[in-house]
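Here is the structure we will look at, set down as structure tokens.
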Amino acid sequence: MKPIDLQMEGTRQGAMEVARNRMIIVMALFAVGFLTLSVKLISIGVFQDPGGYVFQADIPKDPLLMARADIVDRNGVVLATNLKTPSLAANPHGLETPPEELASRITLILPGLDYDEILKKLTSKRRHIWIKRTLTPKQMYEINRIGDPGLVFSDAEKRIYPHGRLVSHVLGSVDIDNKSNSGVEAYFNERLVDPLRSEETLVLSIDIKLQHILNQELTAYMDKFSSSGAAGVVLDAKTGEILALSSLPDFDPNETSGPQTANQMNRVLNGVYELGSGFKTFTIASGLENKVVKLSGGYDASKPVRVGGYTIHDDHAKNRWLNVPEIFVYSSNIGTLKMAQDIGVERQKEFFESLGLFRKTDVEVFEKGQPLLPYQWGPTELATTAYGHGIAVTPLHLANGVAAMVNGGRLNPATLIRKDVTQDGGVTSVSLDGLEEKQATQVISKNTSEIMRNLLHLVVEYGTGRSAKVDGYLIGGKTGTAIKAADKNDGFRGYKKSVISSFVSTFPINDPQYVVFAMLDEPNGIKETYNMVSGGWTAAPLVGDIIRRIGPLMGIEPVKKDKIEYEELMLVSGTKE
């Protein structure tokens, strides 16, 4: 081969080599590209959320819902928790589907939305506007099928209350933006939304089992007496823990952002009422503690008494001299006011104030009722407040005060937070970290407390609280009936017999563990009660039914009835009634 031929052959081979190398490079680039696309497609199909391909550029600057810590009852049962749910918004500038068509399709998928309102949002000049919060998985799937990049999904946490209405007045609720508005949700809001503590549950004192029982019995009796409302609380007499609290009508925190009407307010914590003869418990205790009267002493209750232009009489008149147990057992207004007159205004006010009756309770909610006190404390006010008129407090004030009367004389601030009992008999709060722990105060002596336990027992055995008796349990209690003030400032509605009937009880009386209070708001008489609406006819049997159910559940063993203390003092008239 000639030299020139060799030179040409070498040139061709060089050109082919260059072309081959270029082709290899191009093929390698294509392979890398296809590999990248394959990985991306696999990641989208397998790992990405179904809503991931919907346009997400215009997410709102503020987070939808902050995570909130769970709330549980004293035994760890979940009362409030979170559920991740998607919400739908739109970026009107990024829509590819005509707004009219898109609005029509959205309203078919999301019933309840107004077409004109949706169309107005889709044609807005804003770059982000909410369409609907908390979609179901099916709704999210159908919206995804539309495939318009101008539709935006955002994940959020929705607050869920598994027990619905049952604990609504304790928990409160949050609105659609997860902002708390009432109950412990509002009181402990900063703690519940703290991201560093999102895994720490808030432990309440509530026992959901007792809550079920209380709510069921209140509902049954509210229906039975066609009452406008009902309320009740179960309190640990030794620690002040609220084990159950219910107010009817209630509300569903899953559907509303709190009470929607005045009648749905929390009657136990926020409602203030003249609670009638339940206050005689405090007046009797004050008289004994201040040594103005002895247990065997008493007062003439043979005829009504005129005080400040008013005539005070007894509903269960005995028309004779009554000793202290009889005054309490027969709920004598006359005997009680005469005792209050011996106590005097200053000592009576001081005693009431020591029970916390002049201020809001310390319970952990913001919606707490302020007691309504007399404008002045003259002879009339001294007399009427002695038996629960002319002074209005919340039911929790009364229940907590009675707990102090029977637990050895210690007033424990009522709490919705679970406490643990220490080895030395003290108590420590489980979840009150960062908040001041309120200490118990001694308000009466142990001796006076023992006397009051037995007097309360006599009321159930022989007095106005007999319908609260429960076989096997030693129960003490006091009835209360007060005429309800009119809605307008026009006096009382006595002609309508609009009353608040109540009963406060403690058991077992030999070692009080629990205080149970129940009230009916404007009960109506029925044939079974001979059309009577007083606390002894309506609220006392209600409390008895509650105790009958919670006693065995809380491990209170039935006992045989022993000798009743001070029973002999009920024989003054020659007969026991």
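Things worth noting here:
- Packing, taken as the mean count of other beta carbons within 10 Å per residue, orders the peptides 408-418, 97-107, 184-194, 366-376 from highest to lowest as 408-418, 184-194, 97-107, 366-376.
- Order by protection proxy (mean Cβ within 10 Å, highest first), peptides 389-402, 240-253, 338-351: 389-402, 240-253, 338-351
- With 29 Å as the limit on Cα-Cα distance, the pairs of Lys238/Lys280; Lys294/Lys419; Lys158/Lys209; Lys291/Lys478; Lys318/Lys527; Lys368/Lys484 that go past it are Lys294/Lys419.
- Once the Cα-Cα distance is subtracted from the 0.36 nm per residue extended length, the Met554 to Val345 segment shows a gain of 71.1 nm.
- For the pair Glu353 and Glu528, label points projected 7 Å from Cα toward Cβ lie 4.5 nm apart.
- Tail beyond 20 Å, pair distance distribution of segment 70-164 (Cα, percent): 42 percent
- Taking amide H positions as modeled 1.01 Å from N, with prolines and chain starts lacking one, the residues under 5 Å from Val152 and 5 or more places away or on another chain are Ala89, Ala90, Asn91.
- Descending by average beta-carbon neighbour count within 10 Å, the peptides 129-135, 278-284, 530-536 line up as 278-284, 530-536, 129-135, the highest first.
- Cα gyration tensor shape of segment 148-239, rounded if a/c is under 1.5, else prolate or oblate by comparing a/b with b/c: oblate
- The simple spin-label model puts a point 7 Å past each Cα toward its Cβ; for Val292 and Trp377 those points are separated by 1.1 nm.
- Shape analysis of segment 344-403 places it in the prolate category; the axes a ≥ b ≥ c from the Cα gyration tensor give an a/c of at least 1.5, with a/b above b/c.
- Simple spin-label estimate for Thr136 and Ser198 in nanometres, 7 Å along Cα-Cβ: 2.8 nm
Each value in this text was obtained by applying a stated rule to the coordinates, not by laboratory testing. Here the structure is a predicted model, which means the values were calculated and not measured. Note that each Cβ is placed from the backbone with ideal geometry, even for glycine, and that neighbours are counted across all protein chains shown.
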